[in-house]
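One structure is given here, and the rest of the page talks about it.
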Amino acid sequence: MSELAAAPTVDDVMDALSNVIDPELGLDFVELGLIYSVEVQDGNVHVTFTLTTPGCPIGPQFNEQIEEFVGELDGVRSVQPEMVFTPPWTPEMMSEDAKFALGY
């Protein structure tokens, strides 16, 4: 008898997203405040995120990393990353630790 794993929680997804690192700043997307929302429904995960600058040349690689890290969680059926630029990211969105690390 096979049972489906329980769907991950938003906290589980945020933990997985902490593995997505901005190579220019060396900090993860969660600390940088780049994750705008996480929705989990029946094992389907929708992640809304942004970038520090709209012209970031490696933006598409972040979609892949989000799919990879979140997709590894038990109970995930699908991952839909969505990159948005509204509202625009500002340094005020960073965690206190990230602000300190970057001198803000």
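The values are calculated or read from the model by the stated rules, or taken from the named source; none is laboratory data. All values reported here derive from a predicted model rather than from experimental measurement. Positions of Cβ are generated from backbone atoms using ideal geometry, with glycine treated the same way; all protein chains shown enter the neighbour counts. Just the protein is used for accessible areas: all its heavy atoms, side chains included, with ligands, DNA and RNA removed. Shrake-Rupley method; radii C 1.70, N 1.55, O 1.52, S 1.80 Å.
At-a-glance table
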quantity: Restricting segment 10-25 to residues that are in contact (Cβ under 8 Å) with a residue 12 or more places away in the chain and not aliphatic (A, V, I, L, M), the residue that is surrounded by the fewest Cβ atoms within 10 Å (Cβ to Cβ); calculated: PRO23
quantity: Enumeration of residues in segment 34-50 that are surrounded by 20 or more Cβ atoms within 10 Å (Cβ to Cβ) and closer than 17 Å to TRP89 by Cα; calculated: LEU34, ILE35, VAL38, VAL47, PHE49, THR50
quantity: Selection within segment 1-30 - within 10 Å of the chain's Cα centre (by Cα) and under 14 Å from SER95 (Cβ atoms); calculated: MET14, LEU17, SER18, ASP28, PHE29, VAL30
quantity: Conditions (1) touching an Asp or Glu at 6+ places or on another chain (Cβ under 9 Å); (2) over 22 Å from PRO8 (Cβ atoms): number failed by GLY33; calculated: (2)
quantity: Scope segment 67-104; condition open to solvent by 70 Å² or more (accessible area, probe 1.4 Å), within 14 Å of the chain's Cα centre (by Cα) and free of Cβ contacts under 8 Å to residues at least 40 places away in the same chain; matching residues; calculated: GLU67, GLU68, GLN80, GLU82
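Table: residues versus (1) farther than 19 Å from GLU82 by Cβ; (2) of a type outside the set (S, T, N, Q); (3) touching a Leu at 6+ places or on another chain (Cβ under 7 Å).
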| residue | (1), (2), (3) |
| --- | --- |
| ASP11 | yes, yes, no |
| ASN19 | no, no, no |
| THR48 | no, no, no |
| PRO54 | no, yes, no |
| GLY59 | no, yes, yes |
| GLN65 | no, no, no |
| GLU68 | no, yes, no |
